[in-house]
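Asker: I'd like to ask you about the structure that follows.
The values are calculated or read from the model by the stated rules, or taken from the named source; none is laboratory data. If you're wondering where the values come from, they're calculated on a predicted model, not measured in any experiment. We place every Cβ from the backbone using ideal geometry, glycine too, and count neighbours over all the protein chains shown. Protein only, heavy atoms only, side chains kept; ligands, DNA and RNA dropped before computing areas. Shrake-Rupley method; radii C 1.70, N 1.55, O 1.52, S 1.80 Å.
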Amino acid sequence: MIIAIDGPAGAGKSTVAKAVATQLGFAYVNTGAMYRAVALCALEAGFALPENESEIVALARHLPIALHDAGSRVFVSERDITDLIRTAQVGDFTSRVSALPGVREVIVAQQRRIGRESEAECGGAVLEGRDIQTVVFPDAPVKIYLDASPAERARRRLSEWTLKSGGAAAPFSLEEAERDITGRDERDSTRETSPLCAADDAEHVITDGLTPDEVVARIVAIVERRAGGV
Ligand code: DC
């Protein structure tokens, strides 16, 4: 069974998708991490956009991306790049690299292969991203569109920053975080290639005011309902 979870940045996809996969014994695939791997290696190779588009597509085609530790760690060959792909610089470049049709073609093919192999190996996969239910697995039996208000996502971003920095004041305000999130939503949902949007038959789960456990329970209930043919 393929479980497709899409939604904007900060909706809680990674935490929830990982927990759903663990609970069901399925593979977990963070598809954004795969685009981030391409962006990191392109930056390290000194590539820029728009001038190096064809080099970046060629790099994506030959990049040996692998997901380990139940999908929580990202490798290129033997190199663990899990932490390196989380910088703001890589995040920014990823949003441009992931808009290249040639890169999407290569990465989507890999995601389909991983999904199919996981179904054969452990019965299923939970894939989270932006276009899983619309492009990668449009026939997935479970499609979840996870969302939260920009204000809630800005609050989460601020508290994550404070937690990571050991309590130091964040270099951005709540209003700036919300403005940034709204701008990113606008870019992600209006881009030409695979814009972020919910499939017509997606179940919408709004995470404002819900704990991760409550969201996971809702999704698992949806999966059980679908598995029972309802
Ligand atoms: O989920 P994330 O923030 O790690 O995603 C990084 C970037 O990759 C973000 O700009 C959206 C893009 N992305 C995408 O275009 N398609 C996906 N399936 C996953 C992520």
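Asker: State, in angstrom, two size descriptors of segment 1-106 derived from its alpha carbons: Rg to one decimal place and Dmax to the nearest whole number.
Answerer: Final numbers for Rg and Dmax: 14.1, 45 Å.
Asker: Pick out which of 163, 67, 49 has the largest mean-square fluctuation in a Gaussian network model of the chain, springs linking Cα atoms closer than 10 Å.
Answerer: Answer for the Gaussian network model of the chain: 163.
Asker: Nearest 0.05, what FRET efficiency do residue 14 and residue 55 give at R0 = 30 Å with Cβ-Cβ as r?
Answerer: 0.50
Asker: Between 72, 165, 14, where does the largest GNM mean-square fluctuation fall for the chain, given springs only between Cα atoms within less than 10 Å?
Answerer: 165
Asker: If you add up the charges near residue 151, with Lys and Arg at +1 and Asp and Glu at -1, over every other residue whose beta carbon is less than 9 angstrom from its beta carbon, what do you get?
Answerer: -1
Asker: Then there is this: Which residues does a label at residue 224 reach in segment 1-23, if reach means a backbone N under 14 Å from a point 7 Å past the Cα toward the Cβ?
Answerer: 23
Asker: Continuing with this model, one more query. Name the residue from 52, 72, 26 whose Cα lies farthest towards the positive end of the charge dipole of segment 1-83, charges +1 on Cβ of Lys and Arg and -1 on Cβ of Asp and Glu.
Answerer: Working it through, the farthest residue towards the positive pole turns out to be 26.
Asker: I would also like to ask the following. Counting heavy atoms of the protein chains only and a 1.4 Å probe, report the per residue accessible area for segment 86-151 as a whole number of Å².
Answerer: Numbers: 2640 Å² over 66 residues.
Per-residue value: 40 Å².
Asker: Can you give the charge dipole size of segment 2-221 about its Cα centre, rounded to the nearest 20 debye, using +1 on the beta carbon of Lys and Arg and -1 on the beta carbon of Asp and Glu?
Answerer: The calculated dipole for segment 2-221 is roughly 320 debye.
Asker: In terms of the ratio Rg/(2.2 N^0.38 Å) built on C-alpha atoms, what value belongs to the chain?
Answerer: Rounded to two decimals, the normalised Rg is 0.99.
Asker: Now for a separate question. With viscosity set to 1.002 mPa s and temperature to 20 °C, compute the Stokes-Einstein D of segment 29-83, Rh being the Kirkwood radius across alpha carbon pairs; µm²/s, no decimals.
Answerer: It comes out at roughly 186 µm²/s.
Asker: Just from its helices, what would the mean residue ellipticity at 222 nm be for the chain, if runs of 4 or more DSSP H residues each count -39500 (n - 2.57) and the sum is divided by every residue, rounded to the nearest 500 deg cm²/dmol?
Answerer: When only DSSP H runs of four or more count, the value is -16500 deg cm²/dmol.
Asker: Normalise the Cα radius of gyration of segment 58-98 by 2.2 N^0.38 Å (N = residues in it) and let me know the number.
Answerer: Compactness ratio reported: 1.22.
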